[in-house]
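Notes follow the structure.
The values are calculated or read from the model by the stated rules, or taken from the named source; none is laboratory data. As the structure is a prediction and not an experimental result, all values here were calculated from the model. Backbone-built Cβ (ideal geometry, glycine too); neighbour counts: all protein chains shown. Heads up: the accessible areas ignore ligands, DNA and RNA and are worked out on the full protein's heavy atoms, side chains in. Shrake-Rupley method; radii C 1.70, N 1.55, O 1.52, S 1.80 Å.
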Amino acid sequence: VPRSLVMVDSASLQFVSPYAFEAMQKVDVARLAALSDPELRLLLPCLVRMALCAPADQSNAWAQDKKLILRLLSGVEAVNSIVALLSVDFHALEQDARKEQQLRHKAGGSNSESILVSQLQHGLTLEFEHSDPLRRLRLALSELLAIMNKVADSNGEFFLKSSELFESPVYLEEVADVLCILQAELPSLLPIIEVAEALLHVRNGEWFMCLLVANVPDSFSEVCRGLIKNGERQDEESVGGRRRTEALRQLCQMNPSQALNIRAMVVEECHLPGLGVALTLDYKPDMADEAVSPLVSYVSGLLLGTNGKVRTWFSMFIRNGQQRKRESSSVLWQMRRQLLLELVAILPRSRSTHVPNDTDMDSESSSGYSGLREEHVVKASALLRLYCALMGIAGLRPTDEEAEQLLQLMTSRPPATPAGVRFVSLSFCKLLAFPTLVSTPEQEQLMVMWLSWMIKEEEYFESAAGVSASFGEMLLLVAMYFHSNQLSAIIELVCSTLGMKIAIKPSSLSKMKTIFTQEIFTEQVVTAHAVRVAVTNNLSANITGFLPIHCIYQLLRSRAFTKHKVSIKDWIFRQLCETTTPLHTQLLPLIDVYINSILTPASKTNPEATNQPITEQEILNVFQDGGKARSQYTITTQLLILYYILSYEEALLANTKTLALMQKKPKSYSPALMDQIPIKHLIRQAQGLQQELGGLHSALLRLLATNYPHLCMVEDWISEEEVTGTLPLLRKMLLTSSSCKYSQTQLREAFQNVLSGGPGLLRILEHLTLLSAGDLIPYAEALTSSMGLLLEDGVSRRIIQTVNKLWMVLNTVMPRKLWVMTVNALQPLVKLLRQQRYTQNDLMVDPLIVLRCDSRVFRCPPLMDITLHMLNGYLLASKAYLNAHLKETAEFERQAQTVSNLGLSGQPDTPEVTREELKNALLAAQDSAAVQILLEVCLPSVQSAPGIPMRKQVGDTGAGKGAQGEREAEGGLLSDLREVQCLICCLLHQMFIADPNIAKLVHFQGYPQALLPLTVAGIPSMHICLDFIPELLAQPQLEKQIFAIQLLSHLCTQYALPKSLSVARLAISVMGTLLTVLTRAKRFAFFMPTLPCLVSFCKAFPPLFDDVMSLLIQVGQVSAADVTTKARDIDPLIPQKIRLSESKYSLRKRSAEELGRADPDVQLCYQIEATFMDIISSSTQAL
């Protein structure tokens, strides 16, 4: 075991060796016995105390070790003096010391009196020599306490105390003995941290400190942490800082195993940065890391770590260190020298400042000119990053020698490995970040040759290294940024590649810009090279670095391809087809900028300078079913192509005005292509991959909501939750295999025998409900084509409901195709015989085709539910279709109109306004027609709704249509009609909420009065009618006024609100006004249907009794006056003479018999009487 003696040159003092300190730490008696006498002399205070004091360890092993220690000490003369020191009464000594401290505190620190030491006759050294052990202890203790008190009063300012006792070389060992004994026996008076702090202020303090710690080895970490905590933030700035660093360095040399822990304390406290570097320079690892040296690792960690406080602290150390003159003793210059030595050690041996000519380069490239050895590449990359951090973050100014060697390293040529690719990228970015490294023409020529070598070898490096992200893409990208003068983008690129934020001035890149744009990469060379770059296979977010996609994106942004007429469409399509999850973040921006380059010319002078869109056939190949083509493309590719199509169509509409001004109309993708794309199925798959697809799913949802609102209906999302919930998952666990045991042919045959073989069909359908939506797609055609058979009498309701459930599941993955098949399957028999087939486009142009189905559907609730779902979807689709059509054609027609009417002022704006109005009118008519048809379906009897036969329920035998109609008229809550009415009311409620103007339009058109109880009670949003009833009352048509009052009467009963009361008052006032202006015939036609409504007003709002009675009396008086003017034998006061005791039933019975033959005025009188009686009856019932 080596036992080196550490000596201090200045005082030739012997320090405790690491071997001796380890022996003391472990109390290894055998090692202690092997120490030489000078080494053993330094450790005597601890060993003597160990031998004399009663031990806590009573084991036999320690007893034997103690004998060995005593034997070891027996031959040492100095032991006797230490034993004498230990014989003193330390308790009395401590009391005197505390009294002296109190005196000094009162006296303000003056040394006029001392309890420990009386007046000295001679100097401190002579007194120490002639004194007994007790006085020696008192002398040393008094001196030490004086220094400690001065340190406490110094407020952090460093001072060096001149003391004979600690400076005399003859008595240093004896003073050290006294010091160690004092600290060991009086630990509360002399805490070891404070003693160590005081020793910094005397000469030879680090030697005393090492001896003190060596004799109390357990205190090593405590002393070091205390010294670091009390240390300066920048240790090389002051004498005190340098002394503290040197002391800690000596302590760590004594205990090298703890050096890295002490270094960690330095970083944790952000004190003494020079110490951290010095300890790293002193550190000699047992197994050296061939890749990166400890110094590079340590400094890189400080400057490139995540702790900003540490980074600022160490950067300040570098900056301050540079301001002082170069000193060999400076830790900073020692660090720089070591780094330079490491750099030179890995440089290729053939490197020199001589720059060979072209012929030399060609001849030497084959022989490995300037080849960096493979084992040195990682170390070279680490050194480059470290120098970048030192120069860019810490502000290091390299010397000429450092700059020259750095340039030699940066322009060396590594082997074709992934590490070599990384090294070249770092070197290139360092050249961009610090162009001042290239200062002479020879160096500039060297750099240009190296860049040319990069371009030439890029493809070989990429193939040989087996990496997707090579330095060729970075070169290309930087060249593009230089051409477009995007210097800030170059700075971002450099910082991200180096992995650090460096302040680079854009003006410093001017020289590099000239070299790139004029000598190496012209713009035409850039575009031609970019198209030939291979796409990245299986591109995903897992592939980091700069890829071809970054270059293509930047070239598209700068419109370089269109400027130089280079086609990029095929490259983009190939790259989209070579993608996988997780989605690369550059793909969506690439698609967006590509679409922009298709629609927007590069310049107004050349409107044809645009890129070509992806062809329909290429898109179709991505989505076509079956065979190899399906497995060739991933879901990521299909979703990206879908995003491209939807974004393209949206951008085409958004840029219509600009394109019209340039007389340019790019082709839109055909509806037939869109019908081939399973949009909803893809969106559903994307929903399960949201984490891996980044923002693609949300972007697709936004595009769908704009262009395909019928695929974003709320009820669809809710039904999807039911399909994908926990319960369906448990049910699907019943399937033993993913394949279905029934074929489409079996399903069709079962449908053909639905009446006779219902259970068999039901068994197949129930099994299909266990399949997932994707597995159910092959059965869609068989299911929908047979739906017309379910309209036959006698079909089980459960079968129809199961078909409804399967249809809703299919609707989550293939809604558009499913709707077309269903509409064609539910056509009336006449159209089926003609084989008339509707297309998707037909249904979007005319959504009412959905309601031109077999009339039996209107009395089959499960199928009616499907029909209403399709109707709602196609109404939304029609709106989007018409809006898109209007935008697509309006600007071009307007432009043509402008050209043809240049001489007419005010003409160009007219067509656009008219087209918008016509479109809104068409949509309103479409919606209102759908509502009116649905309301007609709600009529209960056959006579009221012609063409709607009643379906026979299961179990009905010979009941005729009349009997069925009577049952429906009775309003049974379990009838098919009632269920259909509920479904229709739900849809109408959604339509009214979505667009209240539809409700207003329908009620201005009017509908049968018999439906008012149903609509008011069944449509929750009918209360919005209260807003426009005043306007309806103001219409000149008598029928609309009557309908308004009848509607209001039901609304008042349903919604007894303050607003209803005010509208009812208005209605009564209007009725009173009309009484004075209407002719006799019109008066009869108006009041006969509206007088019963007054009963509802009074029931809902009793305060209206007075107004209603007043109105009835006025109407009665006018009617009675009309009756008296006629020459007839009739009592004009019949209503007044009828006794109140006559029953209401008999009164109405007589009125019903007489209405047919009575005079209209007489009938009106009867109606007034009946209204009076109803009001009185309702009020008495309320009481």
**Report entry** Long-range Cα-Cα pairs in segment 770-855 (distance over 22 Å), rounded percent
**Finding:** 28
Query raised in the report: Can you give the FRET efficiency for Thr914 and Ser510, using 1/(1 + (r/R0)^6), R0 = 51 Å, r = Cβ-Cβ distance, to the nearest 0.05?
Result: 0.30
Report summary line: By the mean-Cβ-within-10 Å protection proxy, highest first, 669-676, 392-399 rank as 392-399, 669-676
Query raised in the report: Cα centroid distance between segment 824-877 and segment 134-203, in Å?
Result: 105
**Report entry** Exposure rank, largest accessible area first [Lys430, Lys565, Lys309; 1.4 Å]
**Finding:** Lys565, Lys309, Lys430
Query raised in the report: Gain in length, Asp1027 to Ser154, computed as 0.36 nm per residue apart minus the alpha-carbon separation, to one decimal in nm?
Result: 305.6 nm
**Report entry** Local electrostatic count, Ile572, Cβ distance below 13 Å [Lys/Arg +1, Asp/Glu -1]
**Finding:** -2
Query raised in the report: So which of Lys309/Lys505; Lys379/Lys513; Lys563/Lys667 end up more than 28 Å apart by C-alpha?
Result: Lys379/Lys513
**Report entry** Given charges at Cβ of Lys, Arg, Asp, Glu: segment 173-244 dipole, positive-most of Gly241, Leu199, Gln183
**Finding:** Gly241
Report summary line: If the label point sits 7 Å along Cα→Cβ of Ala1085, residues of segment 1025-1056 with amide N under 18 Å come out as 1033-1046
Query raised in the report: Computed FRET efficiency, Cβ-Cβ of Thr745 and Thr769, R0 30 Å: what is it to the nearest 0.05?
Result: 0.95
**Report entry** Rounded to the nearest 10 Å², the accessible area of Val937 at probe 1.4 Å
**Finding:** 0
Report summary line: The summed charge of the Glu781 Cβ neighbourhood (under 10 Å; Lys/Arg +1, Asp/Glu -1) stands at +2
Report summary line: So Asp132 and Ala925, fully extended at 0.36 nm per residue minus their Cα-Cα distance, gain in nm 273.3 nm
Query - Percent of alpha-carbon pairs separated by more than 20 Å within segment 478-549 - result: 42
Report summary line: Over 29 Å (Cα to Cα) among Lys919/Lys1059; Lys106/Lys161; Lys741/Lys817; Lys26/Lys99; Lys657/Lys879 -> Lys919/Lys1059; Lys26/Lys99
Report task. Calculate the dipole size of segment 380-445 relative to its Cα centre from +1 charges on Lys and Arg beta carbons and -1 charges on Asp and Glu beta carbons; express the result in debye to the nearest 20. Result -> 400
Report summary line: Largest-first ranking of His271, His710 by accessible area, probe 1.4 Å, whole protein assembly kept, is His271, His710
Report task. Considering only protein heavy atoms, with the full assembly of protein chains and a 1.4 angstrom probe, order Asp132, Asp153, Asp854 by accessible area, largest first. Result -> Asp153, Asp132, Asp854
Report summary line: To the nearest 0.05, the calculated FRET efficiency linking Val76 and Asn542 through their beta-carbon distance, R0 being 51 Å, is 0.15
